[in-house]
Amino acid sequence: MYKGIRFRPLFLKTAVFATLVGNFAPAIAKEGMWLPPTLKNRENDMKKMGLEIPVEQLYNENGTGLNNAVVLFGKGCTGEVISSKGLLLTNHHCGYGTVQGLSSKEHDYFANGFWAKNNAEELPCPGLTVTFIRKMENVTDKITTGLADTMNEAARNAVVQTRIKNLEKGFKFATGMDATIKPYYNNNQYWVILSETYKDIRLVGFPPNGIGSFGGDTDNWMWPRHTGDFSMFRIYAGKDNKPADYNKDNKPYNAAQYFAINIAGYKEGDFTMVYGFPGTTMEYIPSQQLNQVYSILDPIRIEARTLRLNAWTKNMQQNRDVFLKYTSKRAGVANGWKKWQGEVRGLRINNVMQKKQDYENSFQGWATLDDKLPYADNLLANIAAKSMAVNDVLKADEYIKEAAFGVELLQQAAVLDKMLQTIRAGYKGTALQDTLNKLAKATAGYYKNYDAATDKDVFAALMPLYMKNGGNFIPKTFSNQYRENGSDYTQWSNYVFSSMAVSQDAITDFASNATSADSNKIIGDAAWQLYNGIAQLRKDKINPILSQYTADMAYLNRLYMNAQMKLDKNKAFFPDANLTLRLTYGQVAGIDPDGAAGYSYQTNLDGVIAKDNPDVEEFKVPEKLKELYNKKNYGSWAVNGTVPVAFIANNHTSGGNSGSPVLNARGELIGTNFDRIWEGTMSDLYFDPSLCRNITLDIRYTLFVVEKFGDAGWLLKEMKLIRK
């Protein structure tokens with residue numbers, strides 16, 4: 001099924017790097033993830049690069065801006081409305097978890113895809129939501145008035161949170177919308193976000209994995225790409241077109257704003273924009289914190305997840321039931337695993353640590369000469385001292401999270417702990433049974449996608465890693481169990497997986513029959529003992545240190561951010577990503593990542609077919625797609641004898657931008673953002689225009705697949721297609 005990952009070497013030859021950045025006319029890259037209400041400040045720059053519309057068409061406060069066609073999809077992706085009937089486009093991988101919940105052996109949508117032939121066939125998606133951002137307003141003055149920069153952080157936060165809570169209530173009462181106040185620039189600025197969240201979302205179209213996740217782990221974060229990474233949903237609303245819980249009588253959302261789709265194409269150098277919800281960036285952290293990511297966190301994550309993924313993959317290859325249970329989980333775990341490898345590589349290639357230190361030297365010079373920010377003089381020294389003091393604890397906690405808790409059983413033992421606390425709380429009789437049964441019933445979703453034999457293999461792979469590297473932060477319960485089982489990991493795993501937490505039946509049976517005298521059954525459970533050992537260790541030795549460090553750094557980083565913005569006169573500062581609506585802009589820009597693929601900015605269907613390998617799951621092209629290719633049955637989507645698939649540009653994106661609309665100079669949809677190139681994943685920490693590229697699915701490939709492969713041409717009739 002999944003084959004081994006083929007990695008590029010973790011270096012760039014000098015000649016190749018020169019080719020990458022020197023032999024082609026450089027495109028203009030613009031670092032920045034800009035808040036939509038601030039785009040007026042960027043308008044001149046954007047127009048110089050090619051923008052053809054007023055920025056008011058992108059965002060305004062009268063409700064007619066294109067921000068009303070962009071949604072937060074679920075809890076961490078972006079989607080875009082592409083018809084007046086609430087038709088929604090996002091990534092295949094963004095819809096993956098939802099579709100897994102709708103799939104079964106009888107309805108294997110990963111293998112066969114799904115295409116509704118009319119509204120009646122669209123499938124309800126329980127728990128899925130989409131959120132529109134109707135308005136954003138700067139409320140910093142209302143939050144920070146009277147608060148000194150150097151005020152004690154805990155006292156400051158208490159005041160800030162009280163003001164936020166009261167102000168959110170006021171906005172919600174006045175507007176009737178959800179109101180959330182978010183911090184920006186490390187708590188130096190605050191904006192209120194007025195939003196509406198729709199809860200009745202239905203699946204419309206989902207290509208099979210052979211299109212939607214084509215290339216799998218091997219091509220993930222890579223260029224060139226040939227993945228048809230899209231899925232389609234529809235928003236449904238109540239009678240007043242407002243959010244409503246699922247009801248068969250709900251109607252498709254009547255969208256006043258939606259994206260027109262330009263199918264005329266683009267060329268290298270064309271202006272592009274990405275509108276969406278980037279998740280997390282840390283562009284302004286000092287070198288000491290960057291080093292924690294580069295030298296401690298990322299290497300641990302990569303090492304532990306390699307072992308976990310290998311165990312999952314082996315079992316998924318051998319059993320289709322296991323594949324269906326783990327395919328979404330695996331995709332999520334593998335996504336970060338691959339990304340962090342590229343991040344480490346990019347930081348090393350760019351010598352970012354040295355660049356950070358050079359900037360800090362400049363900052364120190366500005367601080368020394370300035371007499372208005374006396375606290376700035378010692379900021380970097382204080383940050384360095386706090387960071388270095390916590391590195392060993394940070395390392396230990398990351399091994400707990402990635403190695404020990406990489407074993408699902410140890411996480412699930414938390415349910416046993418809740419049951420134990422219920423018994424100890426003195427519940428008896430019917431009250432005890434009802435509470436325990438509710439806890440057991442709540443585990444159904446977990447066990448639906450759990451395989452104990454697979455998890456047991458993970459235990460055997462990860463536990464040696466944890467025991468070797470946990471240092472002074474290994475609970476005695478781990479050491480004792482290991483020794484009592486002959487210091488043999490196989491014997492130990494057999495003992496641990498005798499736990500009642502291995503199956504829902506065992507937990508349900510315990511919950512149904514337990515009495516107030518049964519706490520010993522949990523205390524004697526092997527998995528609970530390990531979970532409890534970690535919980536106590538973190539409570540006593542790790543969490544207090546990390547909590548204090550987090551508080552200290554929140555204070556120091558707020559001051560550092562504030563000082564940078566006041567002392568650095570040459571930089572246009574944008575707030576770090578925090579899963580709120582942003583717009584970034586750049587140009588279509590090719591690249592030759594490693595000298596092997598060739599310089600390019602676009603891929604096509606020819607490349608998909610060239611990669612076809614029926615023996616490898618992630619490169620298995622569906623037969624119908626091959627038939628369309630062989631007959632050159634492309635319809636109106638043919639371009640130079642093939643179909644465009646993907647293109648790259650130098651927009652500054654991050655996680656959360658998956659599914660974001662990629663727009664041309666007129667604000668028309670030309671594609672759907674779905675990835676970055678491996679060499680540029682360090683853009684969450686440092687943006688380099690020579691390496692950072694976002695990867696976009698060409699809208700023409702999406703529509704080709706919908707019409708020709710999915711036989712769902714009825715959907716195109718509700719879209720506004722522009723051919724020039």
Task: Failed condition for Thr197, given (1) more than 24 Å from Thr603 (Cβ to Cβ); (2) surrounded by 22 or more Cβ atoms within 10 Å (Cβ to Cβ) - done: (2)
TODO: Just one of (1) assigned to a strand (DSSP E or B); (2) under 21 Å from the mean Cα position of the chain (by Cα) trips up Leu194, so point out which.
DONE: (2)
Open item on the list: Restricting to the range 208-226, name every residue that is out of contact with any strand residue (DSSP E or B) (no Cβ under 6 Å at 6 or more places or on another chain) and over 24 Å from Ile302 (Cα atoms).
Closed with: Pro208, Asn209, Gly210, Ile211, Gly212
TODO: Kindly check whether there is at least one residue in the range 247-256 that is surrounded by 23 or more Cβ atoms within 10 Å (Cβ to Cβ), modelled with pLDDT of 95 or more and either among the aromatic types (Phe, Trp, Tyr) or within 23 Å of Ile699 (Cα to Cα) (or both).
DONE: yes
Task: Flag if Asn613 is in contact with a helix residue (DSSP H, G or I) (Cβ under 6 Å, 6 or more places away or on another chain), of a type in the set (S, T, N, Q) and surrounded by fewer than 19 Cβ atoms within 10 Å (Cβ to Cβ) - done: yes
Task: Among the residues listed as Lys456, Lys468, Lys418, the single one being modelled with pLDDT of 95 or more, among the basic types (Lys, Arg) and buried (at least 17 other Cβ atoms within 10 Å of the Cβ) - done: Lys456
- [ ] Evaluate the range 40-59: report whether one residue or more is at pLDDT below 95, among the acidic types (Asp, Glu) and touching a Ser or Thr at 6+ places or on another chain (Cβ under 9 Å).
- [x] no
Open item on the list: Condition check: aliphatic (A, V, I, L, M), under 23 Å from Ile545 (Cα atoms), surrounded by fewer than 19 Cβ atoms within 10 Å (Cβ to Cβ) and at pLDDT 95 or above. Does Ala404 satisfy that?
Closed with: no
Task: Any helices (runs of 4 or more DSSP H) falling wholly within the range 408-470 and containing at least 2 residues that are more than 16 Å from Ser503 (Cα to Cα) and of a type outside the set (S, T, N, Q) - done: 408-424, 429-441, 452-469
Task: Selection within the range 595-607 - over 26 Å from the mean Cα position of the chain (by Cα) and either modelled with pLDDT under 95 or not small (Gly, Ala, Ser) (or both) - done: Gly595, Ala596, Ala597, Gly598, Tyr599, Ser600, Asn604, Leu605, Asp606
Open item on the list: Exactly one condition in (1) in the same structural domain as Arg234 (by TED's automatic domain parsing); (2) within 30 Å of Leu35 (Cβ to Cβ) is false for Val99; which is it?
Closed with: (2)
Open item on the list: Test of understanding: among Val293, Val322, which residue is within 30 Å of Lys569 (Cα to Cα) and either surrounded by 19 or more Cβ atoms within 10 Å (Cβ to Cβ) or not assigned by TED's automatic domain parsing to the domain that holds Lys75 (or both)?
Closed with: Val293
Task: Failed item in (1) over 27 Å from Leu716 (Cα atoms); (2) free of Cβ contacts under 8 Å to residues at least 12 places away in the same chain; (3) of a type in the set (A, V, I, L, M), with Val160 passing the rest - done: (2)
Open item on the list: Quick check on my filter: what residues within the range 666-718 are assigned to a helix (DSSP H, G or I) and under 22 Å from Met33 (Cβ atoms)?
Closed with: Trp678, Glu679, Gly680, Thr681, Met682, Ser683, Asp684
Open item on the list: On the basis of being closer than 20 Å to Gly680 by Cα, assigned to a helix (DSSP H, G or I) and in contact with a Lys or Arg (Cβ under 9 Å, 6 or more places away or on another chain), does Leu347 make the cut?
Closed with: no
Task: Residues of the range 628-664 that turn out to be of a type in the set (Gly, Ala, Ser) and closer than 24 Å to Leu716 by Cβ, as a count - done: 8
Open item on the list: Just to be sure before I move on: is Lys239 surrounded by fewer than 19 Cβ atoms within 10 Å (Cβ to Cβ), without any contact (Cβ under 8 Å) to a residue 40 or more places away in the chain, touching a Pro at 6+ places or on another chain (Cβ under 9 Å) and in a loop (DSSP other than H, G, I, E, B) in the structure I sent?
Closed with: no
Task: Which listed residue, of Gly79, Gly101, Gly95, Gly146, is surrounded by fewer than 18 Cβ atoms within 10 Å (Cβ to Cβ) and either outside any helix (DSSP H, G or I) or modelled with pLDDT of 95 or more (or both) - done: Gly146
Open item on the list: Would you confirm, using the coordinates I've provided, whether Lys624 is in contact (Cβ under 8 Å) with a residue 24 or more places away in the chain, assigned to a helix (DSSP H, G or I) and assigned by TED's automatic domain parsing to the domain that holds Thr702?
Closed with: yes
Task: Criterion violated by Asp298 - all others in (1) closer than 26 Å to Leu123 by Cβ; (2) outside the structural domain of Ile648 (by TED's automatic domain parsing) satisfied - done: (1)
TODO: With a cut-off of at least 1 residues that are surrounded by fewer than 15 Cβ atoms within 10 Å (Cβ to Cβ) and in contact (Cβ under 8 Å) with a residue 40 or more places away in the chain, name the helices (runs of 4 or more DSSP H) lying wholly within the range 480-540.
DONE: 504-513, 519-523, 526-537
Task: All positions within the range 33-56 that are surrounded by fewer than 16 Cβ atoms within 10 Å (Cβ to Cβ), part of a helix (DSSP H, G or I) and not basic (Lys, Arg) - done: Asn41, Glu43, Asn44, Asp45, Glu56
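The values are calculated or read from the model by the stated rules, or taken from the named source; none is laboratory data. These figures come from a predicted structure and were not determined experimentally. Every residue, glycine as well, gets a Cβ built from its backbone with ideal geometry; the counts of neighbours run over all protein chains shown.
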